[in-house]
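Visitor: This is the structure, below, for whatever I ask next.
The values are calculated or read from the model by the stated rules, or taken from the named source; none is laboratory data. These figures come from a predicted structure and were not determined experimentally. Note: ideal-geometry Cβ built from the backbone for every residue, glycine included; neighbour counts use all protein chains shown.
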């Protein structure tokens with residue numbers, strides 16, 4: 001299997017990984033709304049947590065958006081591979097036709113088409129590499145969001161200590177959010193390792 005075929009398979013596997021991450025991110029968004037509701041009930045005691053709850057929500061929504069964008073990029077990679085495969089087949093057939101043709105027959109016309117297809121192949125390769133880089137960048141962006149959520153979860157546990165009766169709920173929620181962020185990180189890490197193996 002050539003490198004592009006391996007990368008296309010990896011992109012399809014990544015789409016599946018990120019679909020699962022997206023489901024976790026949706027749960028994360030619900031948890032952030034629940035945290036915001038508790039913060040509102042806690043009033044002035046939890047003033048510092050209001051901003052944190054908004055951060056959770058924002059990062060969860062960005063993660064959902066990025067997971068959808070990654071699925072679209074993976075689909076584009078798959079479609080692109082089909083176009084590359086067709087181009088390679090046409091090129092291979094033209095090269096065979098050139099070898100079988102008489103020296104003074106239509107070789108100029110065949111050479112012209114071979115040149116066009118080779119130029120197209122270079123363009124396709126360039127575009128494919130751009131799509132793969134886009135996939136890497138989006139995965140990296142999700143990882144950064146999850147690292148931010150980790151830091152925010154630690155901060156929110158510290159803030160929760162000052163909320164009296166609401167402390168238990170808020171600490172528990174922060175831990176739940178941290179666990180979800182870790183699950184998403186696992187899906188993203190696995191996705192990156194799939195891409196690395198295919199390179």
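Visitor: Here are some residues: 69, 90, 97, 74. Which one is crowded, with 19+ Cβ neighbours inside 10 Å and either in a helix (DSSP H, G or I) or on the phi < 0 side of the Ramachandran plot (or both)?
Guide: So the residue among 69, 90, 97, 74 that is crowded, with 19+ Cβ neighbours inside 10 Å and either in a helix (DSSP H, G or I) or on the phi < 0 side of the Ramachandran plot (or both) is 74.
Visitor: Return a yes/no flag: does the range 110-119 have any residue that is out of contact with any helix residue (DSSP H, G or I) (no Cβ under 9 Å at 6 or more places or on another chain), closer than 25 Å to residue 189 by Cα and assigned to a helix (DSSP H, G or I).
Guide: No, the range 110-119 has no match at all.
Visitor: Please count how many residues of the range 181-192 are surrounded by fewer than 23 Cβ atoms within 10 Å (Cβ to Cβ) and in contact with a helix residue (DSSP H, G or I) (Cβ under 6 Å, 6 or more places away or on another chain).
Guide: 4
Visitor: Surrounded by 15 or more Cβ atoms within 10 Å (Cβ to Cβ) and closer than 24 Å to residue 182 by Cα: is that true of residue 42 in this structure?
Guide: It is false that residue 42 is surrounded by 15 or more Cβ atoms within 10 Å (Cβ to Cβ) and closer than 24 Å to residue 182 by Cα.
Visitor: Still on this structure: Within the range 54-66, is even one residue surrounded by 15 or more Cβ atoms within 10 Å (Cβ to Cβ), free of Cβ contacts under 8 Å to residues at least 24 places away in the same chain, touching a helix residue (DSSP H, G or I) at 6+ places or on another chain (Cβ under 7 Å) and within 20 Å of residue 154 (Cα to Cα)?
Guide: Within the range 54-66, not a single residue is surrounded by 15 or more Cβ atoms within 10 Å (Cβ to Cβ), free of Cβ contacts under 8 Å to residues at least 24 places away in the same chain, touching a helix residue (DSSP H, G or I) at 6+ places or on another chain (Cβ under 7 Å) and within 20 Å of residue 154 (Cα to Cα).
Visitor: Can you tell me which of (1) surrounded by 13 or more Cβ atoms within 10 Å (Cβ to Cβ); (2) over 30 Å from residue 176 (Cα atoms) is the one residue 79 doesn't meet?
Guide: Single failed check for residue 79: (1).
Visitor: Can you tell me which residue among 131, 195 is under 27 Å from residue 73 (Cα atoms), in a helix (DSSP H, G or I) and at pLDDT below 85?
Guide: 195
Visitor: If you check 29, 5, 25, which single one turns out to be surrounded by 15 or more Cβ atoms within 10 Å (Cβ to Cβ) and in contact (Cβ under 8 Å) with a residue 40 or more places away in the chain?
Guide: Going through 29, 5, 25 in turn, the sole match is 25.
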